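The values are calculated or read from the model by the stated rules, or taken from the named source; none is laboratory data. All of these numbers come straight from a predicted model, not from anything done at the bench. Neighbour counts are summed over all protein chains in view; Cβ atoms, including those assigned to glycine, are modelled from backbone coordinates with ideal geometry. Surface areas here come from the heavy atoms of the whole protein model, side chains and all, with no ligands, DNA or RNA. Shrake-Rupley method; radii C 1.70, N 1.55, O 1.52, S 1.80 Å.
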Amino acid sequence: MKKIGICADHFRSLREAEAFFGRAEESGFDVLEVALDCLPLITGGSINERMVNDLKALTEGYPLELTAHIGEELDLRRIEELELQYAVLESSIRICGRLGIHMLTVHFEEHSPIRKREEAFYQAYKRAAVLAGEQGVMLGMENIETEDYSYVLRMIESIDDANFAMTLDLGHLYLACNYFGGDYMEAVKECLPYVRHVHLSGNTGAFEPMRLLDFPRYKTWKINPRIAYGRGDIHVPPVLGNVPYDRVLPLFKDYEGIFLCEYPYETFENYHAEVQEMIRSFTA
Ligand SMILES: [Zn+2]
């Protein structure tokens, strides 16, 4: 039986987290992926012990498996404050270890033409992969739609560590192939040997250039108008939009990892059953 999950990235307090965990238990999902910046689990690079312990108390004995997504803003190419950036990554990995989370997704973003930034990025993850191994955590480097996916594959080869693999975002890959070029199905096949975790959501395939040109403005854009016009990474359930899941999911028949859906849980609550059914039927 394939494991199917959904992102948990919107609660803003322990009380909300508790309520959400309770609701999600009856959703039919097997896994929740917690965004580590939902709660202030890290303060100035250090673990907020009380907050992490209280979250741990909430998740202990919880029947669904938990995975984690790194918080926003982490940038290990920012050599001007690399120590602080690395401290946040290190704390994130240690928090996963404490919470018994075995998969932590991190973002590749765009490769830098400045060689020393790219080297810092690689070195940080090489070091982080060792720590992750000690903590029982796998790091999944996720392809973002703003960059050619092949950079992620080259990085995984270069890091060459059993605890550093790919989180393949099938929606991002679809947008990226449309924008940068390349055949989507061939790209998925090329990624498959590197993949330990999968993200799914729907989009129209229309890349939104503002995502690259003016990210701060892009982030202020309301989601429903973006969905209405189908602009960029709109994160609708994978049964909506144009990503050809009917063709791509059968490639994952032998894949043993999790299919983690990334769409807003409450907005699309009436889609959960259909989404789970679609994933199960195409990967059976
Ligand atoms: Zn994703």
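Compute the FRET efficiency between ASN242 and ASP75 as 1/(1 + (r/R0)^6), taking r as their Cβ-Cβ distance and R0 = 22 Å, and round to the nearest 0.05. Write down the numbers at each step before the final one.
Values: r = 31 Å, r/R0 = 1.41.
Plugging the Cβ-Cβ distance into 1/(1 + (r/R0)^6) gives 0.10.
Would you please classify the overall shape of segment 3-199 from the alpha carbon gyration tensor, given that a ≥ b ≥ c denote the square roots of the eigenvalues, rounded means a/c under 1.5, and beyond that prolate means a/b larger than b/c while oblate covers the rest?
Oblate.
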Does segment 1-104 classify as rounded, prolate or oblate by the C-alpha gyration tensor (a ≥ b ≥ c root eigenvalues; a/c under 1.5 gives rounded; else a/b over b/c gives prolate, otherwise oblate)? prolate
Along each of the three principal axes of the Cα atoms of segment 1-45, give the extent in whole Å, ordering the values from largest to smallest. 41, 20, 10
Counting only heavy atoms of the protein chains, get the accessible area per residue of segment 3-199 (1.4 Å probe) and round it to a whole Å² value. 43
Between ILE114 and LEU58, with labels modelled 7 Å along Cα→Cβ, what's the label distance in nm to one decimal, could you check? 3.7
With unit charges on the beta carbons (Lys and Arg positive, Asp and Glu negative) and the dipole taken about the Cα centre of segment 3-199, which residue among ALA187, LEU99, VAL34 sits farthest to the positive side? LEU99
Residue of ASN224, ASN143, ASN48 that the Gaussian network model of the chain assigns the largest fluctuation, springs spanning Cα pairs under 10 Å: ASN224
For the chain, what is the mean residue ellipticity at 222 nm derived from helices alone (per DSSP H run of n ≥ 4: -39500 (n - 2.57); sum divided by total residues; nearest 500 deg cm²/dmol)? -12500 deg cm²/dmol
For a quick check of your reading of the filter: which GluC sites (Glu not before Pro) in segment 106-137 sit in a DSSP loop and have no more than 15 other Cβ atoms within 10 Å? GLU110
Residues in segment 236-275, backbone N under 11 Å from the label point at GLU26 (7 Å along the Cα-to-beta-carbon vector): list them, ranges by number please. none
Please list, in chain and number order, the residues 5+ apart from VAL236 or on another chain whose amide H is under 5 Å from its amide H, with Hs placed from the backbone. GLY202
Report, in whole Å, the centroid distance computed from the Cα atoms of segment 230-263 and segment 67-89. 27
Positive end of the charge dipole of segment 3-199 (Lys, Arg +1 and Asp, Glu -1 on Cβ, about the Cα centre): tell me which of ASN53, ILE4, MET138 has its Cα farthest that way. ASN53
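At a Förster radius of 51 Å, what calculated FRET efficiency corresponds to the Cβ-Cβ distance of LYS126 and GLU18, to the nearest 0.05?
0.85
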If a/c stays under 1.5 just call it rounded; otherwise compare a/b with b/c (prolate if a/b is bigger, oblate if not). Do that for segment 172-241, with a ≥ b ≥ c from the square roots of the Cα gyration tensor eigenvalues. prolate
At a probe size of 1.4 Å, how large is the accessible area of LEU36, to the nearest 10 Å²? 10
